[in-house]
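A quick write-up on the structure given underneath.
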Amino acid sequence: MGEKVKLAPSILNADFSNLGSAIKAVEPYSDFIHLDVMDGHFVPNITFGPMVVRAVRAMTSVPLDCHLMIYNPPEWVETFAEAGADRLAFHVRACRDVESVIQAIRALDVSPGLALSPEVPLFELKPFLGMVDFVVVMCVYPGFGGQQLMPEMLNRVGAIKREAEETGTDVEVEVDGGVKTDNLSEVIKAGADTIVVGSSIFGSRDISSAAAEIKASLTNPSESDLHAVEDTPGA
Ligand code: DX5
Ligand code: ZN
């Protein structure tokens with residue numbers, strides 16, 4: 001904590017017939033644009049691939065945070081780097097040689113990350129903690145936006161940070177899935193460095209103000225605490 005928490009809107013639930021304007025609406029409040037790449041095998045859904053990443057790259061200068069939910073990431077990291085990803089996370093169980101994929105991503109001058117699904121135990125991440133720049137702690141089962149955050153996953157944030165510290169490294173943690181205004185303060189308290197917010201922004205009638213509101217509570221947490229107190233009946 002201490003530093004400002006970064007906001008990465010996920011376009012998964014955006015209006016793809018008007019993606020350009022959806023991105024423009026959130027751009028001023030975004031530290032990253034989060035792009036969920038799904039292959040229909042690793043997760044039970046198919047979204048988009050490098051062509052869309054490239055199109056998003058052309059419409060914004062906001063750094064692109066690509067979350068690969070695909071098998072065989074080694075075959076794809078170069079394509080996504082060329083398409084314009086600034087950071088690339090893949091899942092611990094998506095391939096055999098995790099370490100060489102991390103190295104390949106770094107060699108492409110892209111920031112490497114590892115994502116952890118709720119059913120994957122923390123110890124599977126441990127051997128790679130000193131190698132990645134960030135870890136994506138998933139608080140929903142990957143595949144779809146608009147699910148409920150699993151609060152027990154938030155303990156992983158601190159556990160990962162402590163583990164990294166003990167081994168003399170430093171790692172950023174991104175919390176992905178189910179984050180919305182009413183659980184934002186818990187996610188921040190858990191120690192997230194970046195939060196991904198999908199449906200809570202892109203499912204809103206006013207996308208821009210939804211993003212602005214979340215960004216404001218990240219920039220000025222004391223103000224959001226104040227609202228929390230105001231919202232508490234009898235406070
Ligand atoms: C889920 C994706 C998430 C999702 C977040 O598989 O990785 O990034 O888009 O969307 P919300 O905020 O709606 O849970
Ligand atoms: Zn994601």
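With respect to D31, determine if the residue is of a type in the set (D, E), farther than 27 Å from S185 by Cα and under 18 Å from the mean Cα position of the chain (by Cα). When the stated conditions are applied, D31 does not pass them. Among the candidates S117, S100, the residue that is among the small types (G, A, S) and within 16 Å of ligand 2 (Cβ to nearest atom) is uniquely S117. On the given criteria, is D39 among the charged types (D, E, K, R), closer than 16 Å to F202 by Cβ and modelled with pLDDT of 95 or more? Here the answer is no, as D39 does not meet what is asked. Would you confirm whether or not the stretch 166-185 contains a residue that is out of contact with any Pro (no Cβ under 7 Å at 6 or more places or on another chain), away from ligand 1 (no atom under 14 Å from the Cβ) and under 18 Å from S217 (Cβ atoms)? Checked the stretch 166-185: at least one residue is out of contact with any Pro (no Cβ under 7 Å at 6 or more places or on another chain), away from ligand 1 (no atom under 14 Å from the Cβ) and under 18 Å from S217 (Cβ atoms). Exactly one residue out of V43, V37, V53, V26 is within 16 Å of ligand 2 (Cβ to nearest atom), assigned to a helix (DSSP H, G or I), of a type outside the set (G, A, S) and touching a Gly at 6+ places or on another chain (Cβ under 8 Å), and it is V53.
Go through the stretch 43-61 and count every residue that is within 16 Å of ligand 1 (Cβ to nearest atom), among the hydrophobic types (A, V, I, L, M, F, W, C) and without any contact (Cβ under 8 Å) to a residue 60 or more places away in the chain. Matching residues across the stretch 43-61 total 5.
Annotation for the stretch 203-226: no member residue is polar (S, T, N, Q), part of a helix (DSSP H, G or I), modelled with pLDDT of 95 or more and buried (at least 18 other Cβ atoms within 10 Å of the Cβ). State whether the residues of the stretch 80-97 include one that is within 13 Å of ligand 1 (Cβ to nearest atom), more than 22 Å from G203 (Cα to Cα) and in contact with an Asp or Glu (Cβ under 8 Å, 6 or more places away or on another chain). Within the stretch 80-97, one or more residues are within 13 Å of ligand 1 (Cβ to nearest atom), more than 22 Å from G203 (Cα to Cα) and in contact with an Asp or Glu (Cβ under 8 Å, 6 or more places away or on another chain). Based on what the data block shows, is M38 among the hydrophobic types (A, V, I, L, M, F, W, C), surrounded by fewer than 17 Cβ atoms within 10 Å (Cβ to Cβ) and in contact (Cβ under 8 Å) with a residue 12 or more places away in the chain? Against the criterion (among the hydrophobic types (A, V, I, L, M, F, W, C), surrounded by fewer than 17 Cβ atoms within 10 Å (Cβ to Cβ) and in contact (Cβ under 8 Å) with a residue 12 or more places away in the chain), M38 does not qualify.
The values are calculated or read from the model by the stated rules, or taken from the named source; none is laboratory data. Quantities reported herein were computed from a predicted structural model and do not represent experimental measurements. Cβ atoms come from the backbone with ideal geometry, glycine included; neighbour counts cover every protein chain shown.
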